[in-house]
Amino acid sequence: MKQSEARVQIIQEWDRWILTQAIEPDGPTGKDSLKFFHELQDATSPLLDFQSRGQDKWRIIHAWLLGADRLHDDWISVAPRITPTRRFRPERKRSFCKT
């Protein structure tokens, strides 16, 4: 699933989920988004089957919820991109056959 598709569906699921939760008077925060994320994980939700491109999926979802004004948290920063170490392939020796 593409991130754009997942974003819409996750925000819709958040809107349903948040109605069932006891929330602090100041409104939902990162703690609530983390709980939401863990519940999706525990349920092995297909909503988490989006491409994360090496980033932490909870941080992606948290940023989506922040951007959609569904919660507030000023202390969370954008997660640094995790890039896999690159392994270079050994050079192949080519043999040419003359016929």
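The values are calculated or read from the model by the stated rules, or taken from the named source; none is laboratory data. On a predicted model such as this, the values are computed, not experimentally measured, just so you know. Neighbour counts run over all protein chains shown; Cβ positions are idealised from the backbone, glycine included. Accessible surface areas use protein heavy atoms only, side chains included; no ligands, DNA or RNA. Shrake-Rupley method; radii C 1.70, N 1.55, O 1.52, S 1.80 Å.
Per-residue answers, yes or no, for (1) in contact with a Lys or Arg (Cβ under 7 Å, 6 or more places away or on another chain); (2) in a helix (DSSP H, G or I); (3) at pLDDT below 75:
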{"site": "4", "(1), (2), (3)": "no, yes, no"}
{"site": "8", "(1), (2), (3)": "no, yes, no"}
{"site": "36", "(1), (2), (3)": "no, yes, no"}
{"site": "63", "(1), (2), (3)": "no, yes, no"}
{"site": "72", "(1), (2), (3)": "no, no, no"}
{"site": "97", "(1), (2), (3)": "no, no, yes"}
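Applying the condition of being modelled with pLDDT of 90 or more and of a type outside the set (D, E, K, R) to the stretch 22-34 and asking which residue is most open to solvent (accessible area, probe 1.4 Å) yields 34.
Sub-7 Å Cβ pairs linking a first residue in the stretch 50-75 that is within 19 Å of residue 13 (Cβ to Cβ) and open to solvent by less than 70 Å² (accessible area, probe 1.4 Å) to a second residue that is of a type in the set (S, T, N, Q) and at pLDDT 90 or above, at least 6 apart or interchain, are 61/33; 62/33; 65/33; 71/33, ordered by first then second residue. Of the residues making up the stretch 36-48, just one is open to solvent by 100 Å² or more (accessible area, probe 1.4 Å) and among the charged types (D, E, K, R), namely 42. Scanning the stretch 1-34 for residues that are out of contact with any helix residue (DSSP H, G or I) (no Cβ under 9 Å at 6 or more places or on another chain) and closer than 17 Å to residue 73 by Cα returns 25, 26, 27, 29, 31.
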